[in-house]
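A quick write-up on the structure given underneath.
Quick note: the coordinates plus some simple rules give every number you see, no bench work behind them. Since the model is a prediction, treat every value here as computed from it, not as a measurement. No Cβ is skipped: glycine too gets one built from the backbone with ideal geometry, and neighbour counts run over all protein chains shown.
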Amino acid sequence: MPYEMKPLFEERMKMLMPDKEDFDAFNTIVHTGPRNFIRCNTLKMSPEHLLKRLRKRWNVVQPFSGYPEIMLVEQALGPGELGSAMEHLLGYYYIQEISSMMSALALDPQPGELVLDLCASPGSKTTQIAARMENRGTLLANDIKLDRIKILSANMERCGVMNSIVTREDAVGLCMRLAKRGWKFDRILLDVPCSGEGTLRSSPKTFLMWNIKVVQNLSRQQMKLLANALKCLKVGGTLVYSTCTHAPEENEAVIHFALERFPVKVEHVKLPLRCRPGVTSWKDERYDAAVEQTCRIYPQDNDTEGFFVSRLKLLKEIE
Amino acid sequence: MNAHFLSAHERKQLLAELQRVYGVDDVPYLFLETNKERLRAFSGDLTREEIMEIDEIARIELVGTYFAKPEYGLRLSFDMMQLIGKKISKSILELTEEQAHEWMRGNGLALESEKGIHVIKHGEDFLGCGYSDGQKLWNFVPKERRIRTRAR
């Protein structure tokens, strides 16, 4: 029996999608499994070469021009088939849902830069960042729990990430200490823990686990994380804040909080998925108009999971 | 941090061994040795002093990637083999498809070859290192990287 939305969750999603057809499309697609996206690990193999190999076995396409590393296996697969393939064991590709690839694309890290990934495990975005950095520059990848660090490091080893330092710290405390010692990063990825409303397709238990109190508590934590992360950013540097949830409290409200307190601007992000603008009001709250520049990814728009991506630029030193 | 940076002398010895066993002479990385006697390589551009400063601020779990273990001369890690495989000019042992599948299941191979470390290769794929006692090739493919089900 399929999981159903809790009444309050359904009501909130209907507020975000007032058009009935739109909500019905959302409600239909979240009850279907996700598609089989993979990302070529360019640290070990070129996309052209990997495509040639995989096409001997599966129907693989590159759905986005300009992003040859993103591939879609367009056929039904057996359980664990993608993970047990030789090319996966050798680290030639990473199994990653397309919407989760958007954070690193928005971050656009460059070889030679100093980059901070604050909530790094399990490592899908970390390995994507390292690949875009061509293993040059330095990537500081942090997570809080040892079991999560183990998963992170296993994925980083498999993908051949060499320019990284992995730390195990509470992200807020780490940022405070880094800022105190004058460490400033060119780019920071803040892909925060969230209520996971966007992951219903791959993790249907979220239907049952969803709880408004969790959303509210996470929102406070996320603001604290963002406030401290910004203190480690170079002037002119880029911070990407992303979540896999639709809740405005965890998305636009957090960006609004940053706009109110810090010298930052929201930059428009061009991504290969259809994005809807961030919402400027939610219930009784009104947000800064600039949050419209953020990107809401809905499952029914792209046949993906749901996601939220925003890119901030630090305009001047934070006092 | 449960590791120390190699001294200039240790680094020189490592590079000499890398050249002797694998014919590789261009690895511009920073090297560390962990408490588990594993060598790790860091390709980033922070200096050792800067890494030590981060170590004062945070618990560093890992730096760079697992590079090699100082046994049988020098045994390169499974993943490092794929990263620097194209630079390797010595000790390469080509397997047939059938042997490669057996190898990736984690099994040793009854294969006569020169005693010592070998770079295991099948087609374009580098499949880690093996140690030969002359009669048998001993397998070092990490457990989590072995083929568990039907071979593909």
Rg followed by Dmax, in Å, when the stretch A:146-204 is reduced to its Cα trace:
14.8, 43
Positive end of the charge dipole of the stretch A:171-247 (Lys, Arg +1 and Asp, Glu -1 on Cβ, about the Cα centre): tell me which of A:241, A:230, A:194 has its Cα farthest that way.
A:230
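If the stretch B:7-152 were replaced by its equivalent ellipsoid, with semi-axes equal to the square roots of 5 times the Cα gyration tensor eigenvalues, what would those be, largest first, whole Å? Numbers along the way, then the final one.
Details: eigenvalues 181, 62, 33 Å².
Equivalent-ellipsoid dimensions as semi-axes: 30, 18, 13 Å.
Roughly how many debye, to the nearest 20, is the charge dipole of chain B about its Cα centre, given +1 on each Lys and Arg Cβ, -1 on each Asp and Glu Cβ, and no other charges? Don't jump to the answer; show the numbers that get you there.
Numbers: 23 positive and 25 negative charges, 114 e Å.
Rounded to the nearest 20 debye, it is 540 debye.
Among the listed pairs B:12/B:87; A:20/A:265; A:56/A:125; A:56/B:143; A:44/B:87, which are separated by more than 22 Å between their Cα atoms?
A:20/A:265; A:56/A:125; A:56/B:143
Show that you can apply the helix-only estimate: for chain A, add -39,500 (n - 2.57) for every DSSP H stretch of four or more residues, divide by all residues, and state [θ] at 222 nm to the nearest 500. Before the final figure, lay out each step's value.
Details: 13 runs with 111 residues, N = 319.
Helix contribution divided over all residues of chain A: -9500 deg cm²/dmol.
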Cα-derived Rg to Rh of the protein assembly as shown, Kirkwood definition
1.00
Go through the stretch A:237-250 residue by residue and turn each phi into a ³J(HN,Hα) via Karplus (6.51, -1.76, 1.60, θ = phi - 60°); whole Hz please, and just put x for glycine and proline.
x, 10, 10, 9, 10, 9, 9, 10, 9, 9, 4, x, 4, 9
Across peptide B:51-61, how many C-beta atoms of other chains are within 10 Å of each residue C-beta, on average?
6
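Express in nm, to one decimal, how much length is gained between residue A:303 and residue A:170 on full extension, taking 0.36 nm for each residue of separation and deducting their alpha carbon distance. Intermediate values should be presented prior to the final figure.
Working: separation 133, 0.36 × 133 = 47.88 nm, distance 3.45 nm.
Result for the pair: 44.4 nm of gain on full extension.
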Give the Rg/Rh ratio for the stretch A:107-209, taking Rg as the radius of gyration of the Cα atoms and Rh as the Kirkwood radius, to two decimals.
1.00
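Report the calculated FRET efficiency for residue A:313 and residue A:280 (r = Cβ-Cβ distance, R0 = 25 Å), to the nearest 0.05. Please list the in-between numbers first.
Working: r = 20 Å, r/R0 = 0.79.
E(calc), rounded to 0.05, equals 0.80.
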Counting sequence-distant residues (5 or more places) and residues on other chains, those with an amide H built under 5 Å from that of residue A:113 are A:138
Measuring from label point to label point, each 7 Å out along Cα→Cβ, what is the residue A:75 to residue A:31 span in nm?
3.0 nm
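Counting helices only, and only those DSSP H runs with n ≥ 4, report the 222 nm mean residue ellipticity of chain B as the sum of -39,500 (n - 2.57) divided by its residues, in deg cm²/dmol to the nearest 500. Spell out each step's value before the answer.
Numbers: 4 runs with 40 residues, N = 152.
The helix contribution divided over chain B gives -7500 deg cm²/dmol.
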Gap separating the Cα centres of the stretch A:129-161 and the stretch B:1-54, nearest whole Å:
18 Å
Cα→Cβ-extended label distance, 7 Å offset, between residue A:205 and residue B:144, nm
2.0 nm
Can you give me the Kirkwood hydrodynamic radius for the stretch A:232-319, using every pair of distinct Cα atoms, in Å to one decimal?
13.3 Å
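Can you tell me the alpha carbon radius of gyration of the stretch A:92-165 divided by the globular rule-of-thumb value 2.2 N^0.38 Å? Don't skip to the end; give the middle numbers.
Values: Rg = 11.1 Å, N = 74, 2.2 N^0.38 = 11.3 Å.
My calculation over the Cα atoms of the stretch A:92-165 gives 0.98.
Mean 1/r over all different Cα pairs, inverted: what Kirkwood radius does the stretch A:4-161 give, in Å? It would help to have the intermediate numbers written out before the result.
On the way: mean 1/r = 0.0574 Å⁻¹.
Taking every pair of different Cα atoms in the stretch A:4-161, averaging 1/r and inverting gives 17.4 Å.
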What is the P(r) of the stretch A:1-94, as percent of Cα-Cα pairs per 5 Å bin from 0?
2, 11, 19, 16, 10, 9, 12, 11, 8, 1
Which value in Å does the Kirkwood hydrodynamic radius of the stretch A:152-245 take, with 1/r averaged over all unlike C-alpha pairs and then inverted?
15.3 Å
Yeah, the stretch B:76-152 with a ≥ b ≥ c from its alpha-carbon gyration tensor (a/c under 1.5 is rounded, else prolate when a/b outruns b/c, oblate otherwise) is oblate
Testing the spin-label approximation: label points 7 Å from Cα along Cα→Cβ at residue B:111 and residue B:37. State their distance in nm.
2.6 nm
Output wanted: per-residue J couplings in Hz (rounded whole) for the stretch A:148-156, from phi through Karplus 6.51 cos²θ - 1.76 cosθ + 1.60, θ = phi - 60°, x for Gly and Pro.
6, 5, 5, 5, 4, 5, 4, 5, 5
Do any cysteines in chain A lack another Cys Cβ under 4.7 Å, and if so which?
A:40, A:119, A:159, A:175, A:194, A:232, A:244
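In debye to the nearest 20, how big a dipole does the protein assembly as shown give about its Cα centre with +1 on each Lys and Arg Cβ and -1 on each Asp and Glu Cβ?
Working: 66 positive and 64 negative charges, 109 e Å.
With only Lys, Arg, Asp and Glu charged at Cβ, the dipole is about 520 debye.
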Exercise: per-residue mean of other protein chain Cβ atoms within 10 Å, A:85-93:
5
Calc'd 3J(HN,Hα), the stretch B:126-138, phi into Karplus 6.51 cos²θ - 1.76 cosθ + 1.60 (θ = phi - 60°), Hz, glycine/Pro = x, comes to 8, 10, x, 9, x, 10, 9, 9, x, 10, 10, 9, 8
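In what order do B:129, A:194 fall by count of nearby beta-carbon atoms within 10 Å, going from fewest to most?
A:194, B:129
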